[in-house]
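The structure appears right after this line, and notes come after that.
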Amino acid sequence: MVRIVGAGGLPSRLRIESEPGLEFVGFAEDLEAEWERAAAMLVPIPVRLGFRTRLVEAWARAVPVVTDASTAAGLPALEPDRNCLVASSGQEWVEAASRLLDNDVLAAMIGDGGRSTFLGQYLATAAKDRFGILSAKAIDRWSRTPVGAGSAGR
């Protein structure tokens, strides 16, 4: 069963009715229950910018992800075949989703890879070290800018 969860509506040209195997849930009062029942999360957004918050939420929960390759532009931690599967065409989406649903070992490996990425990159304790390094570099760069040099180095 494919369940499409979310309050946002699809453009009218893409809107179809629920049918056997496909259910449009819409707004979910209990999103945690939806996460718990999810076998995978599909993120078919072919846009080369932006951070995919829902994808990182899936990683936090070890839910395997299928996404478009363009997602890497806003999410550099994306590693195909380690923390996600990647698809572009409709056929590739069907194949990737089927692989996860038909292969529990693959689904667990992709889910665990996502969870590992979340813990290593996005959990506050992991991010603080990266933030500290970036902050130190920025302060060092700023402090070496000669007085009167303008804001070009800042």
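The values are calculated or read from the model by the stated rules, or taken from the named source; none is laboratory data. Keep in mind it's a predicted model, so treat the numbers as computed, not measured. Note: ideal-geometry Cβ built from the backbone for every residue, glycine included; neighbour counts use all protein chains shown.
Just need a number here: residues in the stretch 9-38 that are among the hydrophobic types (A, V, I, L, M, F, W, C) and either assigned to a strand (DSSP E or B) or modelled with pLDDT under 85 (or both).
So the first thing to find is which residues in the stretch 9-38 are among the hydrophobic types (A, V, I, L, M, F, W, C), and the list is 10, 14, 16, 22, 24-25, 27-28, 31, 33, 35, 38.
Now restrict to residues that are either assigned to a strand (DSSP E or B) or modelled with pLDDT under 85 (or both): 10, 14, 16, 22, 24-25.
Number satisfying all stated conditions: 6.
Which residues, counting only those in the stretch 63-105, are charged (D, E, K, R) and over 24 Å from L31 (Cα atoms)? I'd like the intermediate steps shown before the answer.
So the first thing to find is which residues in the stretch 63-105 are charged (D, E, K, R), and the list is 68, 79, 81-82, 92, 95, 99, 102, 104.
Of everything in the stretch 63-105, those that are charged (D, E, K, R) and over 24 Å from L31 (Cα atoms) turn out to be E79, D81, R82, E92, E95, R99, D102.
If you go through the stretch 52-60 one residue at a time, do you hit one that is over 9 Å from the mean Cα position of the chain (by Cα) and either loosely packed, with under 13 Cβ neighbours inside 10 Å or not polar (S, T, N, Q) (or both)? Talk me through it step by step, then tell me what you get.
Of all residues in the stretch 52-60, those over 9 Å from the mean Cα position of the chain (by Cα) come to 60.
Next, only the ones that are either loosely packed, with under 13 Cβ neighbours inside 10 Å or not polar (S, T, N, Q) (or both) stay: 60.
Yes - at least one qualifying residue is present in the stretch 52-60.
Looking only at the stretch 93-118, which residues are in contact with a helix residue (DSSP H, G or I) (Cβ under 9 Å, 6 or more places away or on another chain) and not polar (S, T, N, Q)?
Within the stretch 93-118, R99, L100, L101, L106, A107, I110, G111, G113, G114, R115, F118 qualify.
Out of all the residues in the stretch 92-105, is one or more within 13 Å of the chain's Cα centre (by Cα) and modelled with pLDDT of 95 or more? Walk me through how you get there before you give the answer.
From the stretch 92-105, those within 13 Å of the chain's Cα centre (by Cα) are none; that's our starting set.
Scanning the stretch 92-105 turns up no residue that is within 13 Å of the chain's Cα centre (by Cα) and modelled with pLDDT of 95 or more.
Identify, from the list P64, P80, the residue that is closer than 23 Å to L123 by Cβ, surrounded by 10 or more Cβ atoms within 10 Å (Cβ to Cβ) and touching a strand residue (DSSP E or B) at 6+ places or on another chain (Cβ under 7 Å). Before the answer, list the steps.
Working: P64 fails: touching a strand residue (DSSP E or B) at 6+ places or on another chain (Cβ under 7 Å).
The match here is P80.
Determine if the stretch 11-25 includes at least one residue that is touching a strand residue (DSSP E or B) at 6+ places or on another chain (Cβ under 6 Å) and surrounded by 15 or more Cβ atoms within 10 Å (Cβ to Cβ).
Yes, some residue in the stretch 11-25 is touching a strand residue (DSSP E or B) at 6+ places or on another chain (Cβ under 6 Å) and surrounded by 15 or more Cβ atoms within 10 Å (Cβ to Cβ).
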